[in-house]
Amino acid sequence: MKLALTIHRARLGSTEFQVIRPARPLAHAVLVDRDRWLDAYLDRDAAQRIGALWEVAASSPRSLVHFPMRRGHAPAGREGDDSHRQLDLVVMHHSLQFAPSRWKELRNRLDRGRPRTVTLPWAGDPDDDGIDYGTRHHRENRDLFHQHLHAETLFMTGSAPVFRDTVRNFLDVAQNGPGHALAHPGDSHYCSRFHGNDGTLGNAREMHIQYCDDWDSASDGRRHVSAVAAD
């Protein structure tokens, strides 16, 4: 799979940071803060590209991967969610030791970015091979996500193994969500979940990832206006 992204850089003091973003905006992607848990609504394209960048995060321990999502609008039938707090998402390797409290400063200093295309060694199929589910529940397991919230952004910090093990959460939605929606027009709900019992969450809330295929044109128009205003 080929993935288009942009690489941005900025310096805080003596340290230069690298931030990776999708090259194209995630047109249909919303992350909603429910206080006790998080809801992500994604179409196929967004789920597939977030999954691809999840894989990039696993192999880029010196980079922050940023998904701008908080200026989006909820899909059809979820318009009430526009009144809830919506968040951007940043994922990063724990060894980077970046303080989320400095994110707003770093974000404001980022350059315009350089385009880059990377080729990922998978075709987009969720794959459980190689995941040792038993060791996830060992007391010694340190391959866990931890979350922090700052500047309207959710930070998910983890290790390369936990990033790679959870790529399937997004690829499952991308691959199977559209077919399920077509086969079940009256019950199109299809989702995956970062669950508290799956052995991947440390100090972190559960995240419910739901496939949505109905994003009305009015929402698209409002999103475009918001994006232009943000620029």
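The values are calculated or read from the model by the stated rules, or taken from the named source; none is laboratory data. Quantities reported herein were computed from a predicted structural model and do not represent experimental measurements. Counting neighbours? That spans all protein chains shown, and the Cβs are built from the backbone with ideal geometry, glycine included. The area values use the complete protein model at the heavy-atom level, side chains included, leaving out ligands, DNA and RNA. Shrake-Rupley method; radii C 1.70, N 1.55, O 1.52, S 1.80 Å.
Residues of the stretch 147-166 that are open to solvent by 10 Å² or more (accessible area, probe 1.4 Å) and modelled with pLDDT under 95: 160, 161, 164, 165.
Go through the stretch 49-80 and count every residue that is in a helix (DSSP H, G or I) and surrounded by 17 or more Cβ atoms within 10 Å (Cβ to Cβ). Show your work before the answer.
The initial filter retains those residues of the stretch 49-80 that are in a helix (DSSP H, G or I), namely 49-59, 79-80.
When the remaining residues are screened for being surrounded by 17 or more Cβ atoms within 10 Å (Cβ to Cβ), the result is 49-58.
Matching residues across the stretch 49-80 total 10.
Of all residues in the stretch 1-48 being under 23 Å from residue 120 (Cβ atoms) and among the β-branched types (Val, Ile, Thr), which is most open to solvent (accessible area, probe 1.4 Å)? Among residues in the stretch 1-48 that are under 23 Å from residue 120 (Cβ atoms) and among the β-branched types (Val, Ile, Thr), the one most open to solvent (accessible area, probe 1.4 Å) is 6. Kindly indicate whether any position in the stretch 60-83 is closer than 23 Å to residue 165 by Cα and aromatic (Phe, Trp, Tyr). For the stretch 60-83, residues closer than 23 Å to residue 165 by Cα and aromatic (Phe, Trp, Tyr): present. Taking residue 118 as the residue in question, decide whether it is open to solvent by less than 80 Å² (accessible area, probe 1.4 Å), assigned to a strand (DSSP E or B) and at pLDDT below 95. The answer is yes for residue 118. Checking every residue in the stretch 30-43 against the condition of being outside any strand (DSSP E or B) and within 24 Å of residue 182 (Cβ to Cβ) gives at least one match.
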